[in-house]
1. Taking the Cβ of Asp31 as the centre, find all other residues whose Cβ is under 10 Å away and add up their charges (Lys, Arg: +1; Asp, Glu: -1).
2. Would you calculate the separation in nanometres between label points at Thr10 and Glu40, each defined as 7 Å from the Cα along the Cα-to-beta-carbon direction?
3. Rounded if a/c is under 1.5, else prolate if a/b is larger than b/c, else oblate: which is the stretch 1-43, with a ≥ b ≥ c the root eigenvalues of its Cα gyration tensor?
4. Grab the other residues whose beta carbon is less than 15 angstrom from that of Tyr43, score K and R as +1, D and E as -1, and report the net.
5. Kindly write out, for the stretch 7-20 in residue order, the coupling ³J(HN,Hα) from the Karplus curve 6.51 cos²θ - 1.76 cosθ + 1.60 (θ = phi - 60°), rounded to whole Hz, with x marking Gly and Pro.
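Values in this text are rule-based calculations from the coordinates and carry no lab data. Keep in mind that what you see is a predicted model, and the values were worked out from it rather than measured. Backbone-built Cβ (ideal geometry, glycine too); neighbour counts: all protein chains shown.
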Amino acid sequence: MEGVKNMNMTEVARLLLGLRAAGWSEKEINDFVLYIESGEEQYKPKPKKEKDK
């Protein structure tokens with residue numbers, strides 16, 4: 001595919017660390033990676049409900 005770039009391991013590590021820093025749980029991160037690779041709806045991220053202020 002033209003224009004598609006594979007991520008190297010450093011970029012993947014930064015993505016994972018960024019998601020952790022943003023408060024994502026390990027399960028949310030794992031499901032997100034599975035969704036990216038498989039496209040299966042069961043792993044698609046769901047919107048988080050906003051907390052009451």
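1. That works out to 0.
2. Distance between label points: 3.3 nm.
3. Values: a/c = 2.98, a/b = 1.19, b/c = 2.50.
Here the stretch 1-43 falls in the oblate category.
4. Working: positive: Lys27, Lys44, Lys46; negative: Glu26, Glu28, Asp31, Glu37, Glu40, Glu41.
Neighbour charge sum, excluding Tyr43 itself: -3.
5. Using θ = phi - 60°, the values come out as 7, 8, 5, 5, 5, 5, 4, 5, 4, 4, 5, x, 5, 4 Hz.
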